[in-house]
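The values are calculated or read from the model by the stated rules, or taken from the named source; none is laboratory data. These figures come from a predicted structure and were not determined experimentally. Positions of Cβ are generated from backbone atoms using ideal geometry, with glycine treated the same way; all protein chains shown enter the neighbour counts.
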Amino acid sequence: MCYAVPAVGAIFTSVLWSKTKSIKIWWLNLLLWGGAIFGTIDHLWNGELFLISKGWLKDISLGVVITVAIVLTWGIVLSLAKRNLSLKEVTKFVQ
C-alpha cells in the first residue's frame with residue numbers, strides 16, 4: 001500500500017498542473033508518478049499489490065516517507081535550477 005500515497009499526490013499534481021501549466025508542478029508530478037509506478041511494480045512483483053496487510057499503517061507511513069523524500073528532492077532540484085548551476089558546479093555542490 002505504500003504506493004498509494006505518492007499515487008494520490010501524483011493525481012493531485014496532475015489536476016493542479018492541468019490548471020496551472022507550471023513547469024515546477026510538472027517536475028513534481030513526474031517525480032510522484034515515478035514513485036507511484038515504482039511502488040506499484042514492486043508490490044506487483046512481490047504479489048502484494050492489492051493485499052492489505054496487518055501492518056497497513058506501517059505501509060501507509062512508508063508511503064508518506066517516500067512522498068516526503070520525493071518532495072524534498074523536488075525542492076533541491078528547484079533550488080539548483082534557481083541558482084542556475086552548471087553540471088560541473090552541481091557536481092561540486094553535491095560532493
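Ala36 fulfils the conditions (1) surrounded by 19 or more Cβ atoms within 10 Å (Cβ to Cβ); (2) in contact (Cβ under 8 Å) with a residue 40 or more places away in the chain except for a single criterion, (2). Would it be correct to say that Ile41 is more than 12 Å from the chain's Cα centre (by Cα) and in a helix (DSSP H, G or I)? In short, yes.
Count of the stretch 3-13 residues, restricted to those that are surrounded by 15 or more Cβ atoms within 10 Å (Cβ to Cβ) and part of a helix (DSSP H, G or I), is 7. Restricting the stretch 14-33 to residues that are assigned to a helix (DSSP H, G or I) and basic (Lys, Arg), the residue that is surrounded by the most Cβ atoms within 10 Å (Cβ to Cβ) is Lys24. Only one entry of Leu49, Leu87 meets the criterion of being modelled with pLDDT under 90 and surrounded by 14 or more Cβ atoms within 10 Å (Cβ to Cβ), and that entry is Leu49. The residue pairs whose first member lies in the stretch 1-30 and is farther than 16 Å from Ala69 by Cα and at pLDDT 95 or above, whose second member is small (Gly, Ala, Ser) and crowded, with 17+ Cβ neighbours inside 10 Å, and whose beta carbons are closer than 9 Å, counting only pairs six or more residues apart or on different chains, are Ile11/Ala36. Taking the conditions exactly as written (at pLDDT below 85 and either assigned to a helix (DSSP H, G or I) or in contact with a Cys (Cβ under 7 Å, 6 or more places away or on another chain) (or both)), does Lys54 satisfy them or not? Against the criterion (at pLDDT below 85 and either assigned to a helix (DSSP H, G or I) or in contact with a Cys (Cβ under 7 Å, 6 or more places away or on another chain) (or both)), Lys54 does not qualify.
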